[in-house]
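Peer 1: One structure follows; several queries about it will come next.
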Amino acid sequence: MTTVQKTGRDTSHWLSSYYFLRAGISVGWVAAAFTIGKAMPPAAAALLVAYPAWDAVANVIDARRSGGLAANPSQALNAATSTVVAVGVAVALGSGMHAVLAVFGVWAILSGLLQLATGVRRWQEGAQWAMVLSGAQSALAGGHFIFQANGASTPGITDIAPYAAFGAAYFLVSAVWLTVAQARKATTERTA
């Protein structure tokens, strides 16, 4: 096996593990949002701050594993944006859920565009079409959040939870896609 093949396999394995992790944490967040977050405002507040904070941490972990922050500028910027948004959500909580939803809207647009850029940059790694779609959908969802933030009805954490659920689905699709591709490639290499 050549070094290039091993490096490609290691990257693919890392991405599938990372995407499974992101999907799992998102599913857990959605479950918490619809249960304790819906019933307990302090828990909802903590979950709302934790969501972009986790995204920041996840982007740093992935960028470091994928060559460093300097080699992954879209992820570095996404991590910085998500960190600022986590603080922004904490501040916006003092003004109410309309403000929180507006902050989430701006973040969904920015992080979606940055995720789209990362997916395009990683296209050759495989399964990035789902990340590109996820990024585009995130940007569109952000516009919807901003529209809702200006509405009369009071939003809640359950208005944001479907956004996280779609993100989980995209991460899961990418993880499964990469895992299946790895298995097929390993089978082909063994039979060759």
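The rows are residues; the columns are (1) touching a residue at least 24 places away in the same chain (Cβ under 8 Å); (2) under 13 Å from the mean Cα position of the chain (by Cα); (3) open to solvent by less than 20 Å² (accessible area, probe 1.4 Å).
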| position | (1), (2), (3) |
| --- | --- |
| A56 | yes, yes, yes |
| V60 | no, yes, no |
| A70 | no, no, no |
| P73 | no, no, no |
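Peer 1: Here are the criteria: (1) touching a Leu at 6+ places or on another chain (Cβ under 8 Å); (2) aromatic (F, W, Y); (3) open to solvent by less than 40 Å² (accessible area, probe 1.4 Å). Tell me which single one Y170 does not satisfy.
Peer 2: Among (1) touching a Leu at 6+ places or on another chain (Cβ under 8 Å); (2) aromatic (F, W, Y); (3) open to solvent by less than 40 Å² (accessible area, probe 1.4 Å), Y170 violates only (3).
Peer 1: Then there is this: Between a first residue in region 166-179 that is touching a residue at least 12 places away in the same chain (Cβ under 8 Å) and a second residue that is open to solvent by 60 Å² or more (accessible area, probe 1.4 Å), which pairs have beta carbons less than 6 Å apart while being 6 or more apart in sequence or on different chains?
Peer 2: Pairs found: A168/V27; A175/F20.
Peer 1: How about region 129-147: which of its residues are more than 28 Å from S17 (Cα to Cα) and buried (at least 18 other Cβ atoms within 10 Å of the Cβ)? Before you say what the answer is, go through the steps one by one.
Peer 2: To start, the set of residues in region 129-147 that are more than 28 Å from S17 (Cα to Cα) comprises 143-147.
Answer for region 129-147, where residues must be more than 28 Å from S17 (Cα to Cα) and buried (at least 18 other Cβ atoms within 10 Å of the Cβ): just F145.
Peer 1: Assess whether M97 counts as being more than 16 Å from F166 (Cβ to Cβ) and either of a type in the set (S, T, N, Q) or free of Cβ contacts under 8 Å to residues at least 24 places away in the same chain (or both).
Peer 2: On the way: more than 16 Å from F166 (Cβ to Cβ): yes; either of a type in the set (S, T, N, Q) or free of Cβ contacts under 8 Å to residues at least 24 places away in the same chain (or both): no.
Answer is no for this residue.
Peer 1: Looking at region 111-128, can you tell me whether even one residue there is under 22 Å from A50 (Cα atoms), open to solvent by less than 20 Å² (accessible area, probe 1.4 Å), out of contact with any Phe, Trp or Tyr (no Cβ under 7 Å at 6 or more places or on another chain) and in a helix (DSSP H, G or I)?
Peer 2: There is at least one residue in region 111-128 that is under 22 Å from A50 (Cα atoms), open to solvent by less than 20 Å² (accessible area, probe 1.4 Å), out of contact with any Phe, Trp or Tyr (no Cβ under 7 Å at 6 or more places or on another chain) and in a helix (DSSP H, G or I).
Peer 1: Among residues belonging to region 75-89 that are among the hydroxyl-bearing types (S, T, Y) and under 16 Å from G142 (Cβ atoms), point out the one that is most open to solvent (accessible area, probe 1.4 Å).
Peer 2: In this case the residue turns out to be T81.
Peer 1: Taking the conditions exactly as written (of a type in the set (A, V, I, L, M, F, W, C), modelled with pLDDT of 95 or more, open to solvent by less than 50 Å² (accessible area, probe 1.4 Å) and under 18 Å from the mean Cα position of the chain (by Cα)), does L15 satisfy them or not?
Peer 2: Numbers: of a type in the set (A, V, I, L, M, F, W, C): yes; modelled with pLDDT of 95 or more: no; open to solvent by less than 50 Å² (accessible area, probe 1.4 Å): yes; under 18 Å from the mean Cα position of the chain (by Cα): yes.
Judged against the criteria, L15 is not a match.
Peer 1: Checking the condition open to solvent by 80 Å² or more (accessible area, probe 1.4 Å), closer than 23 Å to L133 by Cβ and touching a residue at least 40 places away in the same chain (Cβ under 8 Å), which residue from F34, F20 passes?
Peer 2: Values: F34 fails: closer than 23 Å to L133 by Cβ.
Only one candidate passes the filter, namely F20.
Peer 1: Would you check if there is a residue in region 96-110 being touching a Ser or Thr at 6+ places or on another chain (Cβ under 9 Å) and farther than 25 Å from P41 by Cα?
Peer 2: There is at least one residue in region 96-110 that is touching a Ser or Thr at 6+ places or on another chain (Cβ under 9 Å) and farther than 25 Å from P41 by Cα.
Peer 1: How about region 152-161: which of its residues are surrounded by fewer than 18 Cβ atoms within 10 Å (Cβ to Cβ) and in contact (Cβ under 8 Å) with a residue 40 or more places away in the chain?
Peer 2: Going through region 152-161, the residues surrounded by fewer than 18 Cβ atoms within 10 Å (Cβ to Cβ) turn out to be 152-154, 156, 158.
Answer for region 152-161, where residues must be surrounded by fewer than 18 Cβ atoms within 10 Å (Cβ to Cβ) and in contact (Cβ under 8 Å) with a residue 40 or more places away in the chain: T154, G156, T158.
Peer 1: Moving on to the next point. Looking at this structure, is W107 aromatic (F, W, Y) and open to solvent by 40 Å² or more (accessible area, probe 1.4 Å)? It would help to see each step written out before you state the result.
Peer 2: Working: aromatic (F, W, Y): yes; open to solvent by 40 Å² or more (accessible area, probe 1.4 Å): no.
Criteria not met by W107.
Peer 1: Against the condition in a helix (DSSP H, G or I), in contact with a helix residue (DSSP H, G or I) (Cβ under 7 Å, 6 or more places away or on another chain) and touching a residue at least 40 places away in the same chain (Cβ under 8 Å), how does G88 come out, does it pass? Full working, then the answer.
Peer 2: Details: in a helix (DSSP H, G or I): yes; in contact with a helix residue (DSSP H, G or I) (Cβ under 7 Å, 6 or more places away or on another chain): yes; touching a residue at least 40 places away in the same chain (Cβ under 8 Å): no.
No: the conditions fail for G88.
The values are calculated or read from the model by the stated rules, or taken from the named source; none is laboratory data. These numbers were taken from a predicted model, which means no experiment stands behind them. When we count neighbours, we look across all protein chains shown, and the Cβ atoms used for this are built from the backbone with ideal geometry, even at glycine. For the accessible areas, the whole protein counts, side chains as well, though only heavy atoms, and no ligand, DNA or RNA atoms are used. Shrake-Rupley method; radii C 1.70, N 1.55, O 1.52, S 1.80 Å.
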